[in-house]
Amino acid sequence: MENINNWIFTSESVTEGHPDKICDIISDSILDAILEQDPKARVACETFACNGLIIIGGEITTTANINRTEIIRNAIKNIGYTDSKFGFDYKNCEIMERINTQSPDIAMGVDTGGAGDQGLMIGFACSETEELMPLPIMLAHKLAHKLAQVRKDNVLKYLGPDGKTQVSVEYKNWKPVRVDTVVLSTQHTEEILDKTGNQITKQSKEEIFKTIIEPVLGSWIDSKTKIFINPTGKFIIGGPQGDTGLTGRKIIVDTYGGMAAHGGGAFSGKDCTKVDRSACYMARHIAKNIVAAKLADKCTVQLAYAIGEKEPVSIMVDTHKSGKISGDKLAPIVRKLFPLTPQGIIDYLDLRKPVFTKTASYGHFGRNCFKWEQTNKVEELIKATAEL
């Protein structure tokens with residue numbers, strides 16, 4: 001009989017220079033610029049990128065006066081597309097806009113404090129890491145972040161902005177024990193190609209391993225870990241020249257790396273009245289506090305809303321049989337301790353501030369710089385559950 005307690009689980013991440021992440025960053029950069037002037041703006045900004053072209057569209061209702069073209073070019077510049085040798089250049093790319101205001105049919109529901117749309121939102125936490133996140137996605141994020149850092153610091157001068165990481169973790173008895181496989185693909189210049197012109201050199205692979213993979217993964221890798229660095233051979237054509245990009249297409253990278261379910265919508269480019277962003281942040285906050293309070297080793301929280309309605313239509317807490325207390329008993333405690341109306345979430349998590357560009361790469365969860373990552377409800381949860 002198959003042992004279902006042992007398995008290998010894989011998650012991926014991407015750098016800022018990946019075409020989809022370029023779009024997420026642009027959408028959230030526009031959102032933040034608007035919020036700096038108009039904290040109550042309604043923003044739903046989508047970005048599309050392809051070879052030499054950026055298109056933004058959506059619904060924006062605001063009193064803010066911003067230069068969207070300048071914001072877009074600065075975002076691309078900060079990512080690292082500053083030279084045409086990488087196939088995309090912030091100075092020369094074409095920019096097109098198609099922006100409308102928010103539909104009055106939607107606005108009349110939001111104006112009264114209701115949700116901006118129907119939807120189901122998922123939050124998750126587990127005790128695998130100090131961030132209370134699944135290990136595979138955290139390692140993939142840290143690899144991608146290190147890859148970008150090494151490039152920006154000119155440690156490896158041949159690296160380009162586009163890059164992807166993937167980490168496969170072996171679990172035994174439901175616990176992560178080692179990294180089985182690592183895949184790292186990075187855009188690069190021609191200078192590290194070997195004589196065939198189709199492969200990067202063995203030396204460059206060793207440099208990437210020693211500078212990026214080994215420092216990040218440390219003791220998680222061993223002599224049996226399989227390492228793939230640019231497995232196709234070379235990766236010169238990247239970014240929007242190599243593939244199209246679209247806001248919200250990396251939602252599994254943005255959340256839990258596939259270890260948990262995802263709700264009905266993407267995040268980037270949306271202001272906090274959109275519950276598919278704000279309520280996902282709150283669901284993560286709730287799940288993380290439950291795990292931090294040691295009421296469960298693993299927790300999934302689902303919140304569901306109806307457009308125009310203030311209170312969630314349902315609350316589900318699942319501790320995956322790892323909890324001291326069942327989810328059905330935790331759900332009413334969650335409703336009591338956490339504000340769950342759209343306005344309550346906005347005020348509690350302070351979501352009117354321009355904090356969203358930082359979320360657009362390396363995950364919306366697992367970094368303590370975000371207010372929804374705080375574990376400030378632990379004592380209240382312990383007290384409330386002690387009375388059961």
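Take the residues in region 252-271 that are in a loop (DSSP other than H, G, I, E, B) and among the hydrophobic types (A, V, I, L, M, F, W, C), then tell me which one is nearest to L351 (Cα to Cα). Per the criteria, the residue is F267. Would you mind telling me which numbered condition in (1) over 20 Å from F48 (Cβ atoms); (2) part of a loop (DSSP other than H, G, I, E, B); (3) among the polar types (S, T, N, Q) Q302 fails? So the condition that Q302 fails would be (2). If you take the residues in region 271-319 that are within 15 Å of I382 (Cα to Cα) and not aliphatic (A, V, I, L, M), which one is farthest from the chain's Cα centre (by Cα)? Only one residue fits best here, namely K294. Please tell me if R277 is free of Cβ contacts under 8 Å to residues at least 40 places away in the same chain, within 29 Å of I30 (Cβ to Cβ) and crowded, with 21+ Cβ neighbours inside 10 Å. Yes, satisfied.
Answer yes if at least one residue in region 41-53 is on the phi > 0 side of the Ramachandran plot and either at pLDDT 95 or above or not in a strand (DSSP E or B) (or both), and no otherwise. Yes, that holds for at least one residue. Output the residue which, of all residues in region 150-176 that are under 27 Å from K321 (Cα atoms) and of a type outside the set (V, I, T), is surrounded by the fewest Cβ atoms within 10 Å (Cβ to Cβ). Selected residue: N173.
Please work out which residue is farthest from A260 (Cα to Cα), limiting yourself to region 316-347 and to residues that are of a type in the set (D, E, K, R) and surrounded by fewer than 18 Cβ atoms within 10 Å (Cβ to Cβ). Taking the candidates together, the pick is D347.
So which of L139, L143, L156, L147 is part of a loop (DSSP other than H, G, I, E, B), within 19 Å of I227 (Cβ to Cβ) and not assigned by TED's automatic domain parsing to the domain that holds A331?
Checking each option against the conditions leaves just L156.
Only residues that are surrounded by fewer than 24 Cβ atoms within 10 Å (Cβ to Cβ), in contact with a strand residue (DSSP E or B) (Cβ under 7 Å, 6 or more places away or on another chain) and either within 24 Å of A64 (Cβ to Cβ) or at pLDDT 95 or above (or both): list them for region 261-273, please. G265 - this is the single residue of region 261-273 that is surrounded by fewer than 24 Cβ atoms within 10 Å (Cβ to Cβ), in contact with a strand residue (DSSP E or B) (Cβ under 7 Å, 6 or more places away or on another chain) and either within 24 Å of A64 (Cβ to Cβ) or at pLDDT 95 or above (or both).
The values are calculated or read from the model by the stated rules, or taken from the named source; none is laboratory data. What you see is a predicted model; the values in this text were computed from it and never measured. A quick note on method: Cβ atoms are made from the backbone with ideal geometry, for glycine too, and the neighbour counts reach across all protein chains shown.
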